[in-house]
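Report on the following structure.
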Amino acid sequence: MTLLSVEDALKLVLEHAQPLAPRNIPAAEALGCVLAEAIASDIDSPPHDKSIVDGYAVCSADVARPGAELTILEEVTAGAVPAREVTAGSATRIMTGAPLPAGADAVVMVEQTALLDDSRVRIDAPAVRAGQNIMRRAASLARGQEVLAPLKRLRAIELGLLAEVGRTTIRAIPQPGVAVLATGNELVDAGQSPGPGQIRNSNGPLLAALVRQTGARPAELGIARDEAADLAARISAGLTHDVLVLSGGVSAGVLDLVPQVLAERGVQQVFHKVNLKPGKPLWFGTLARANSPPCLVFGLPGNPVSTLVCFELFVRPAVQKLQGQEPRGLRKATAALTCEHRQSGQRPAYWPAVVGCAAHSHPEVTPLSWRGSGDLRTLTDANALASFPAGERTFCAGENVEVLLIE
Ligand code: AMP
Ligand code: MG
């Protein structure tokens, strides 16, 4: 039987992943959500010509030469409005953000002035230009202007802008909820000392962090034993989320019960096993639900590097599509090998590697020597996965290969 290719498997995953329905979401909770409407401003920003320094509002023609002495009309702080017009021979003391008084066309910063007494100031600035130290009304944005377009992912910056234009609720695609379930009798929590035959659960925290990096919301469901009843209970909890990601239990071992228990919970298998290395035992299916879109279920092989590779190749693009984004996966680049690399076997390989780029030069990639898919330590040195097509062959130094850039 020929194995499903990575491309065909990804196509199947994306056919089943459809953008989630937009909802009204309080702006304060919208970090990481994807905007589903155009946002227009209800104000000019700034709302008035404003001073961008603390100083004196003047008529520039009046102070063309340094040393001019002016009468101080009043003091305007941010939040106040000027009452008097600035005319030849006068100035208004003004603070950053305050509205520019009528008649003034420049502001001289306080450091370039000397106060003579309570009502007189000398201007020592070398040359005062019209418009100096003034931000004009609507220079940043104008009332009615579209300031954010649909499909924009909301970062801290966008939440600040939403507040500036008065939006406290927005229409957005919510962050997908992704349940993470590690399976295996050998697993204990990170906080525990492993007993004989045991290892710590590294995939749970790894996957939860990857989920967060994609802009989704992880729900860690802990560790399921390799027993039908425990698996069934935890899988049922996981199936209430948009996506359920399991690790372990999908290979050919006697306790690899995940596919069977998923089938018993009504999850329809779409595929099992993909032609790639590491990650061949990958399992994917969906659960149809009455009142919500189907739950996407990924059974990732348990070795941590296999887990990572399968997440990056399949889960990340699926989550991107659920968010209405282009399902591009990791950023790709082409890089030249710094050394010879032997590719063996009939499966395309994703190899931990270091990509570097000196200024103005073509990126280079060095495959790391690693101990196989259980070797998460070596991956901490990697910033990329180098992709080698199937087949026995030696790649020469200088040859270009595709690399996936790990965040
Ligand atoms: P499995 O896919 O269940 O056959 O597991 C393959 C390998 O990955 C075994 O050596 C497991 O002990 C290891 N493994 C499975 N789950 C995890 C996990 N959550 N964290 C770290 N290693 C794991
Ligand atoms: Mg296992």
Q) Relative to the longest principal Cα axis of the chain, at what angle does helix 6-16 sit, 0 to 90 degrees, rounded to 10? A) 70
Q) What FRET efficiency, computed as 1/(1 + (r/R0)^6) with R0 = 25 Å and r the Cβ-Cβ distance, is obtained for A130 and T96, rounded to the nearest 0.05? A) 0.80
**Q.** Accessible surface of segment 257-407 [probe 1.4 Å, protein heavy atoms]: carbon and sulfur percent
**A.** 48
Q: Collect residues whose amide H, placed 1.01 Å from N in the peptide plane, falls under 5 Å from the amide H of E220; neighbours closer than 5 in sequence don't count.
A: V180
Q: Return the sequence-ordered ³J(HN,Hα) values of segment 139-151 in whole Hz as given by the Karplus equation 6.51 cos²θ - 1.76 cosθ + 1.60 applied to θ = phi - 60°, using x for Gly and Pro.
A: 4, 7, 7, 10, 3, x, 6, 6, 10, 9, 9, x, 6
Q. Under a 5 Å amide H to amide H cut-off, with H placed in plane at 1.01 Å, what residues pair with S247 once short-range neighbours are removed?
A. L181, A182, T183, L300
(Q) Which of A179, A88, A384 ends up with the largest GNM mean-square fluctuation for the chain, with Cα atoms connected below 10 Å? (A) A88
Q: Could you state the angle between the C-alpha long axis of helix 228-238 and the longest principal axis of the C-alpha atoms of the chain, as a value from 0 to 90 degrees rounded to the nearest 10?
A: 20
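For segment 91-148, run through the trypsin sites (Lys or Arg not before Pro) and keep only the ones in DSSP coil with at most 12 other Cβ atoms within 10 Å of their Cβ.
In loop regions of segment 91-148 (DSSP not H, G, I, E or B), the sparsely surrounded trypsin sites (Lys or Arg not before Pro) are R129.
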(Q) Quick check: pseudo-label points 7 Å beyond the Cα along Cα→Cβ at T378 and A83, how many nm apart are they? (A) 7.8
**Q.** Descending Cα extents along the principal axes, the chain, whole Å
**A.** 93, 55, 42
Q: Show the residues, 5+ positions off or on another chain, whose built amide H is closer than 5 Å to the amide H of D105.
A: V58, C59, S60
Q. For the chain, modelled as a GNM with alpha-carbon contacts under 10 angstrom, which of G266, G215, G249 fluctuates the most?
A. G266
Q | Rounded FRET efficiency, nearest 0.05, which uses the C-beta distance separating E220 from R155 and R0 of 30 Å | A | 0.80
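With a cut-off of at most 14 other beta carbons within 10 Å, and DSSP calling the residue loop, which trypsin sites (Lys or Arg not before Pro) in segment 266-340 qualify? Please list them. Working shown, then result.
On the way: sites: K273, R289, K321, R328, R331, K332; in loops: K273, R289, R328.
Hits after loop and neighbour filter: R289, R328.
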Q | Shape of segment 201-329, Cα gyration tensor, a/c cut at 1.5 | A | rounded
Q. Using θ = phi - 60° and the Karplus curve 6.51 cos²θ - 1.76 cosθ + 1.60, what whole-Hz ³J(HN,Hα) does each residue of segment 259-275 get, with Gly and Pro shown as x?
A. x, 5, 5, 4, 4, 5, 7, x, 7, 7, 5, 9, 7, 9, 5, 9, 7
Q) What spacing in nm lies between the two simple spin-label points modelled at Q198 and N291, each 7 Å away from Cα in the Cβ direction? A) 4.0
Q.
Springs between alpha-carbon pairs under 10 angstrom, Gaussian network model over the chain: which of D105, D230, D44 fluctuates most?
A. D105
Q | Mean ellipticity per residue at 222 nm, deg cm²/dmol - from DSSP H runs of n ≥ 4 across the chain, formula -39500 (n - 2.57) | A | -4500 deg cm²/dmol
Q) Percent relative contact order of the chain, based on C-alpha pairs within less than 8 angstrom and at least six residues apart? A) 15
Q.
Per residue, how much accessible surface does the chain expose to a 1.4 Å probe? Answer in Å², no decimals.
A. 47
Q.
Spelling out what I want: for every residue of segment 356-363, take phi, set θ = phi - 60°, compute 6.51 cos²θ - 1.76 cosθ + 1.60 (Karplus), and round to whole Hz; glycine and proline get x.
A. x, 8, 6, 3, 6, 10, 5, x
Q) Any idea what angle helix 203-213 forms with the longest principal axis of the chain, computed on alpha-carbon atoms, 0 to 90 degrees, nearest 10? A) 40
Q. Taking the simple approach of a point 7 Å from Cα along Cα-to-Cβ for both A190 and S236, what is their distance in nm?
A. 3.0
(Q) With the alpha-carbon atoms as the only input, what is the per residue convex hull volume for segment 130-281 in Å³? (A) 217
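The values are calculated or read from the model by the stated rules, or taken from the named source; none is laboratory data. Everything numeric here is computed off the predicted structure, so don't read it as measured data. With ideal geometry, Cβ positions are generated from the backbone for all residues, glycine too; neighbour counts draw on all protein chains shown. Ligands, DNA and RNA are stripped out before the accessible areas are found, and what is left, the full protein with its side chains, is counted by its heavy atoms. Shrake-Rupley method; radii C 1.70, N 1.55, O 1.52, S 1.80 Å.
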